[in-house]
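Asks: Take this structure first; my questions come after.
The values are calculated or read from the model by the stated rules, or taken from the named source; none is laboratory data. Quick caveat, the model's predicted, so the values are computed rather than measured. Neighbour counts are summed over all protein chains in view; Cβ atoms, including those assigned to glycine, are modelled from backbone coordinates with ideal geometry. Side chains are part of the model used for accessible areas, which takes the heavy atoms of the whole protein and leaves out ligands, DNA and RNA. Shrake-Rupley method; radii C 1.70, N 1.55, O 1.52, S 1.80 Å.
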Amino acid sequence: MDYPRSSEDEEKTKNVWLKGHTDFGSLTFLWSQPVSALQILDPQGKWKWVKHIDNALVVNAGDALEFLSGGFYKGTIHRVHQPPADQRDLTRLGVFYFVLFNDDVKLVPLQESPVLRRVGIIRRTEDDRAPSMGTYRKGRIAAYGQTILKEGKEKGVEEEEVAGVLIRHYN
């Protein structure tokens, strides 16, 4: 992918090409590439470049895995940023594979798991209000770029509700 953008666009977006977010599926696989653009938000709230490793895959956990694991696996907060200056003229080829549960799977924690019983379950919504994978997927896709985001409680976070679930976007 080659994204030539004007200096005005880069300044307006603070060089962020896609705001920080979590993917809605269970796992996302990306082929590691030598042109940097992907960043993840670390536990201290700092954006870190994802280091390239030859012939490796980058794996992000998504919302659906977080729902079913009761928060044991957290969705990876990531964003796409303008590459460093020495890489801006290089062409990027993104190869992605999004893993999704079947549309009829209800996104509730697997309460019978002995691990989840031991460590505790964190719910993002009440079980009786939890959407199915299909409802959540369709809602996230339909809302993309169409929703007016509201200022969140955390600094630099905007929020929206999709299928009864609070979704955060990180600036």
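Asks: Ordered by residue, what ³J(HN,Hα) values in Hz, to whole numbers, does the range 149-163 give under the Karplus form 6.51 cos²θ - 1.76 cosθ + 1.60, where θ = phi - 60° and Gly and Pro are x?
Replies: With coefficients 6.51, -1.76 and 1.60, one gets 6, 9, 5, x, 6, 8, 4, x, 10, 10, 10, 8, 10, 10, 6 Hz.
Asks: Heavy atoms only, probe 1.4 Å: what % of the accessible area of the chain goes to carbon and sulfur, would you let me know?
Replies: Here carbon and sulfur together make up 54 percent of the probe-accessible area.
Asks: Subtract the Cα-Cα distance of A143 and R117 from 0.36 nm times their separation in residues, and report this length gain in nm to one decimal.
Replies: 6.0 nm
Asks: Nearest 500 deg cm²/dmol is fine: what mean residue ellipticity at 222 nm does the chain get from its DSSP H runs of n ≥ 4 alone, each adding -39,500 (n - 2.57), divided by its residue count?
Replies: Calculated mean residue ellipticity at 222 nm is -4500 deg cm²/dmol.
Asks: How many angstrom lie between the C-alpha centres of the range 114-171 and the range 24-77?
Replies: Here the two parts' Cα centres lie 17 Å apart.
Asks: Roughly how many debye, to the nearest 20, is the charge dipole of the chain about its Cα centre, given +1 on each Lys and Arg Cβ, -1 on each Asp and Glu Cβ, and no other charges?
Replies: Magnitude of the dipole: close to 360 debye.
Asks: Accessible area per residue for the chain in Å², computed with a 1.4 Å probe and the full protein assembly in place, what is it?
Replies: That works out to 64 Å² for each residue.
Asks: Taking the dipole about the Cα centre of the range 122-171, with the C-beta of Lys and Arg at +1 and of Asp and Glu at -1, give me whichever of I141, I167, V157 is farthest to the positive side.
Replies: Result: I141.
Asks: If you average 1/r over every pair of different alpha-carbon atoms in the chain and take one over that average, what Kirkwood value in Å do you get?
Replies: It works out to 17.4 Å.
Asks: With a 1.4 Å probe and all protein chains kept in place, how much accessible area does F98 have, in Å² rounded to the nearest 10?
Replies: We get 120 Å² for F98.
Asks: Would you mind getting me the FRET efficiency between V105 and H52? Use the beta-carbon distance for r and R0 = 25 Å, nearest 0.05.
Replies: Taking R0 as 25 Å, the efficiency between V105 and H52 is 0.15.
Asks: Compute the acute angle (0 to 90°) between the alpha-carbon long axis of helix 133-143 and the principal axis of greatest extent of the alpha-carbon atoms of the chain; round to the nearest 10°.
Replies: Rounded to the nearest ten degrees, it is 40.
Asks: Still on this structure, please answer the following. How many nm is it between the label spots at W31 and F96, if each spot is 7 Å from the Cα in line with the beta carbon?
Replies: Output for this residue pair reads 1.5 nm.
Asks: So if I restrict to the alpha-carbon atoms in the range 119-162, what is the Rg, and what is Dmax, the biggest pairwise distance, in Å?
Replies: When restricted to the Cα atoms of the range 119-162, Rg and Dmax are 12.9, 37 Å.
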